[in-house]
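K.L.:
Provided herewith is a single structure, encoded as structure tokens, for subsequent inquiry.
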Amino acid sequence: MKRKTKEKIWVYLDGFIQGLVNKYDPNVIKNEVIKKIFFDERKGEYKPFHMALLPEEFLRIQGFFRSFSTSLGQGVFEYIAKIIAEDSGKWEIVKRNAKFLATSSPNVQSFIDSLLENIERKNIKPYPISLPKPVDDSKKEIVVDLYLKDDTFDYFIEIKSPKPNKDQVRRTKEKFLYLLSTPDYNAKTFFAFPYNPYGENKKNYKWSFTKIYFDINNEVLIGNEFWDFIGGKGTYNDLLTLFKKFGEERSKEMIRSIIKF
């Protein structure tokens, strides 16, 4: 990864983390509010003995971690992916959250609806698939998380958390099928996950919803496979090293800001 790319990502991470830290500043969110978050009696979570034993500083850090885990999701990785792809020199065009017109020809719609039902019932495999040619020029708008173009292909990539729910997976597959059916594009589509929750080995990925609708080896990019695809070989390791360095340099400052010790 280029030095300027690392600097851009560092600046972005700095703003991202500072925004979360500010939310949990004791001057902003009081201890009483923190306790209610964890021990909300309206949700049946009131635990007076837990509340009595646990220090407020611990709860504040736990609250920050919850918020961090939720926030470090699709949007953050989309933004970082765009920075990396733009600076890599691999792509003629890089777009994030871009709109495209895909076929909505009635014969294609009917085929895709039937296909998705059969895939869900496991009557057919999700890949490869032979798609029909549109019988008319009707179109529908489709938005993709990341679009990359080189001198051969249009790459449409959806970036999601590595354990997407069933609706997310099905909608993504449907979106890809419409794009692949559109003669205007020489399309390749990928469902991308920033990391593998089951470890570094792609073969260990087990999330059932993804495996129902997608062929893991041909349609899914996970972890290092995704980052190295958009940025070149070694991108994943460079990015992980950058995250570690940022964490090491900023961790004490983050803790001090959250609990004011």
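K.L.:
Assuming ILE124 fulfils every condition listed in (1) open to solvent by 50 Å² or more (accessible area, probe 1.4 Å); (2) in contact with a helix residue (DSSP H, G or I) (Cβ under 9 Å, 6 or more places away or on another chain); (3) touching a residue at least 24 places away in the same chain (Cβ under 8 Å); (4) of a type in the set (Val, Ile, Thr) apart from one, which condition is it?
P.N.:
Answer for ILE124: the failing condition is (3).
K.L.:
Does any residue of segment 6-17 turn out to be open to solvent by 80 Å² or more (accessible area, probe 1.4 Å) and farther than 26 Å from SER161 by Cβ? Step through it out loud before you land on a result.
P.N.:
Looking only at segment 6-17, we keep the residues that are open to solvent by 80 Å² or more (accessible area, probe 1.4 Å), and these are 7-8, 11.
Narrowing further to those that are farther than 26 Å from SER161 by Cβ: 7.
Taking every residue of segment 6-17 in turn, at least one turns out to be open to solvent by 80 Å² or more (accessible area, probe 1.4 Å) and farther than 26 Å from SER161 by Cβ.
K.L.:
Shifting gears a bit: Quick one: how many residues across segment 87-109 are basic (Lys, Arg) and closer than 30 Å to ASP136 by Cβ? So that I can check it myself, show each step before the final result.
P.N.:
Of segment 87-109, the ones basic (Lys, Arg) are 90, 95-96, 99.
Imposing the further condition that a residue be closer than 30 Å to ASP136 by Cβ reduces the set to 95, 99.
Residues flagged as basic (Lys, Arg) and closer than 30 Å to ASP136 by Cβ within segment 87-109 amount to 2.
K.L.:
Right, another one. Of all the residues that make up segment 131-169, how many are open to solvent by 60 Å² or more (accessible area, probe 1.4 Å), over 18 Å from TYR205 (Cα atoms) and among the basic types (Lys, Arg)?
P.N.:
Of the residues in that region, 3 qualify.
K.L.:
Next up: Out of segment 172-226, which residues are open to solvent by 20 Å² or more (accessible area, probe 1.4 Å), farther than 26 Å from GLN109 by Cα and in contact (Cβ under 8 Å) with a residue 24 or more places away in the chain?
P.N.:
Once the filter is applied, which keeps residues that are open to solvent by 20 Å² or more (accessible area, probe 1.4 Å), farther than 26 Å from GLN109 by Cα and in contact (Cβ under 8 Å) with a residue 24 or more places away in the chain, segment 172-226 yields TYR195, ASN196, PRO197, GLU200, TRP207, ASN224.
K.L.:
In segment 97-121, which residues are closer than 14 Å to TYR185 by Cα and open to solvent by 60 Å² or more (accessible area, probe 1.4 Å)?
P.N.:
Taking segment 97-121 first, the residues closer than 14 Å to TYR185 by Cα are 99-103.
Within segment 97-121, LYS99, LEU101 qualify.
K.L.:
Here is a follow-up. With the condition kept exactly as written, say whether any residue in segment 232-241 is without any contact (Cβ under 8 Å) to a residue 24 or more places away in the chain and either open to solvent by less than 20 Å² (accessible area, probe 1.4 Å) or within 21 Å of PHE176 (Cβ to Cβ) (or both). Reasoning before the result, please.
P.N.:
Step one: of segment 232-241, the residues without any contact (Cβ under 8 Å) to a residue 24 or more places away in the chain are 233, 236-237, 240-241.
Going one step further and asking which of them are either open to solvent by less than 20 Å² (accessible area, probe 1.4 Å) or within 21 Å of PHE176 (Cβ to Cβ) (or both), we end up with none.
No, segment 232-241 contains no residue that is without any contact (Cβ under 8 Å) to a residue 24 or more places away in the chain and either open to solvent by less than 20 Å² (accessible area, probe 1.4 Å) or within 21 Å of PHE176 (Cβ to Cβ) (or both).
K.L.:
Let me ask something else. For LYS203, state whether it is farther than 21 Å from GLY73 by Cβ and either of a type in the set (Lys, Arg) or touching a strand residue (DSSP E or B) at 6+ places or on another chain (Cβ under 9 Å) (or both).
P.N.:
Details: farther than 21 Å from GLY73 by Cβ: yes; either of a type in the set (Lys, Arg) or touching a strand residue (DSSP E or B) at 6+ places or on another chain (Cβ under 9 Å) (or both): yes.
It is true that LYS203 is farther than 21 Å from GLY73 by Cβ and either of a type in the set (Lys, Arg) or touching a strand residue (DSSP E or B) at 6+ places or on another chain (Cβ under 9 Å) (or both).
K.L.:
Restricted to segment 47-81, and to residues that are part of a loop (DSSP other than H, G, I, E, B) and of a type in the set (A, V, I, L, M), which residue is most open to solvent (accessible area, probe 1.4 Å)? Outline the logic, then answer.
P.N.:
Going through segment 47-81, the residues part of a loop (DSSP other than H, G, I, E, B) turn out to be 47, 54-55, 72-73.
Still in the list and also of a type in the set (A, V, I, L, M): 54, 72.
Details: LEU54: 64, LEU72: 39 Å².
The residue in question is LEU54.
K.L.:
I would also like to ask the following. Can you tell me how many residues in segment 19-46 are open to solvent by 60 Å² or more (accessible area, probe 1.4 Å) and among the polar types (S, T, N, Q)? Outline the logic, then answer.
P.N.:
Restricting attention to segment 19-46, the residues satisfying the condition of being open to solvent by 60 Å² or more (accessible area, probe 1.4 Å) are 22-23, 27-28, 30, 32-33, 36-37, 41-46.
If we keep only those that are among the polar types (S, T, N, Q) as well, we get 22, 27.
Here the count works out to 2.
K.L.:
Looking at (1) in contact with a Lys or Arg (Cβ under 6 Å, 6 or more places away or on another chain); (2) outside any helix (DSSP H, G or I); (3) open to solvent by less than 70 Å² (accessible area, probe 1.4 Å), find the lone condition where ASP87 falls short.
P.N.:
That leaves (2) as the condition not met.
K.L.:
If you don't mind, there's one more thing I want to ask. Condition first: farther than 30 Å from LEU240 by Cβ, part of a helix (DSSP H, G or I) and basic (Lys, Arg). Now tell me which residues in segment 7-46 satisfy that.
P.N.:
Applying the first criterion (farther than 30 Å from LEU240 by Cβ) to segment 7-46 yields 26-46.
Keeping just the survivors that are part of a helix (DSSP H, G or I) gives 31-38, 41-43.
Listed by number, the residues that qualify are LYS35, LYS36, ARG42, LYS43.
The values are calculated or read from the model by the stated rules, or taken from the named source; none is laboratory data. This structure is a prediction, so every number in the text was calculated from the model and none was measured. No Cβ is skipped: glycine too gets one built from the backbone with ideal geometry, and neighbour counts run over all protein chains shown. With ligands, DNA and RNA removed, areas are computed over all heavy atoms of the protein, side chains included. Shrake-Rupley method; radii C 1.70, N 1.55, O 1.52, S 1.80 Å.
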